[in-house]
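One structure is given below, encoded as structure tokens.
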Amino acid sequence: MKVIILNKKIILSLILCILFSSLLFYFKTPFSFALELTTNSIVEENLKEKISTLTKSEDKTAYLTFDDGPTLKATSKILDILKEEQVKATFFVVGKHVKEHPELVRRAYTEGHYIANHGYHHNNTKLYQSNDSFINEIKNTDIEIGKAINVENYCSHVFRFPNGYMSSRYKSKKKEASKLLDEINYTYIDWNCLNNDSIKKYTNTQLLKNLQKSSKNKGTLVILMHDTSDVNDTPSILKDSIHYLREQGYEFKNFYELLNP
């Protein structure tokens, strides 16, 4: 009889442990907003309007965006910090780097980060060579992303021009290219906040001050950073940047939020 009672207690204890572990996992694991975006998605119908008016909002929302990756130098470190801080970001990836490091894109996607398009080569000469070359730069990047995350006909619907649309470089070409984006159900976005991590070498204190100055007296922020570490070690200042923005009352979101308000 004692043996039977002991077994019941053990079974009950095991059940309670499993339930407790499940609850811990549920509350500690960030929810993934990752969706299967494709060329046939209907989510982009009002996306262009949302994107174009995003930074006009007075809501204290921060969209962290990282350009030019993925890279072995920085992307994993950034993903580790974002996971620790439970922040979802948007990565504007370069197609050739996606092909080199698909595992990094796969990780970013499965952890709920938005994978957006930054062209295949990040080379303006190739990008604006012709209308076909511009469209192929985008489509070939989507193909590599699709392979990495196992989503057929992937289409992010969001593009960022190398150097930004606001830059005076290739201004007339960009104007023509923006019309091509409409034809392939794409829109583009720049930024209204940055820490200048790709401009020149700064100390971490200076990078944080750049961010503070750039975000001052603004509502919604689209923040430009880079996951390359070619000029500055962006991961080393990321946590402090997140903490500062939270102290200022900002809530972090990524572009999936625009598709699923």
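The values are calculated or read from the model by the stated rules, or taken from the named source; none is laboratory data. These numbers were taken from a predicted model, which means no experiment stands behind them. Here the Cβ is made from the backbone with ideal geometry for all residues, glycine too, and neighbour counts use every protein chain on show. For accessibility, only protein heavy atoms count, side chains too; no ligands or nucleic acids. Shrake-Rupley method; radii C 1.70, N 1.55, O 1.52, S 1.80 Å.
Scanning the range 217-242 for residues that are among the polar types (S, T, N, Q), part of a loop (DSSP other than H, G, I, E, B) and open to solvent by 10 Å² or more (accessible area, probe 1.4 Å) yields N217, T228, S229. Check A116, A108 and return the single one that is surrounded by 18 or more Cβ atoms within 10 Å (Cβ to Cβ), under 22 Å from L259 (Cβ atoms) and without any contact (Cβ under 8 Å) to a residue 60 or more places away in the chain. Sole residue among the options that is surrounded by 18 or more Cβ atoms within 10 Å (Cβ to Cβ), under 22 Å from L259 (Cβ atoms) and without any contact (Cβ under 8 Å) to a residue 60 or more places away in the chain: A108. Only one residue in S172, S167 is exposed (fewer than 12 other Cβ atoms within 10 Å of the Cβ) and farther than 15 Å from D132 by Cα, so which one is that? S172 is the lone residue from the list that is exposed (fewer than 12 other Cβ atoms within 10 Å of the Cβ) and farther than 15 Å from D132 by Cα. Among the conditions (1) in contact (Cβ under 8 Å) with a residue 24 or more places away in the chain; (2) in contact with a Cys (Cβ under 9 Å, 6 or more places away or on another chain); (3) among the small types (G, A, S), the only one that S214 does not satisfy is (1).
Checking each residue of the range 59-74 against the condition of being among the hydroxyl-bearing types (S, T, Y), part of a helix (DSSP H, G or I), surrounded by 22 or more Cβ atoms within 10 Å (Cβ to Cβ) and modelled with pLDDT of 95 or more gives no match. From the list V87, V98, pick out the single residue that is in a helix (DSSP H, G or I), open to solvent by less than 10 Å² (accessible area, probe 1.4 Å), touching a strand residue (DSSP E or B) at 6+ places or on another chain (Cβ under 9 Å) and not acidic (D, E). Criteria check complete, one pass: V98.
For the residues L127, L180, the requirement of being surrounded by 18 or more Cβ atoms within 10 Å (Cβ to Cβ), more than 30 Å from L245 (Cα to Cα) and touching a helix residue (DSSP H, G or I) at 6+ places or on another chain (Cβ under 8 Å) singles out L127.
Go through (1) modelled with pLDDT under 95; (2) crowded, with 18+ Cβ neighbours inside 10 Å; (3) not aliphatic (A, V, I, L, M) and name the single condition F92 misses. Tallying (1) modelled with pLDDT under 95; (2) crowded, with 18+ Cβ neighbours inside 10 Å; (3) not aliphatic (A, V, I, L, M), F92 fails exactly one: (1).
Condition check for T141 on (1) in a loop (DSSP other than H, G, I, E, B); (2) of a type in the set (S, T, N, Q); (3) open to solvent by less than 10 Å² (accessible area, probe 1.4 Å): one failure, at (1).
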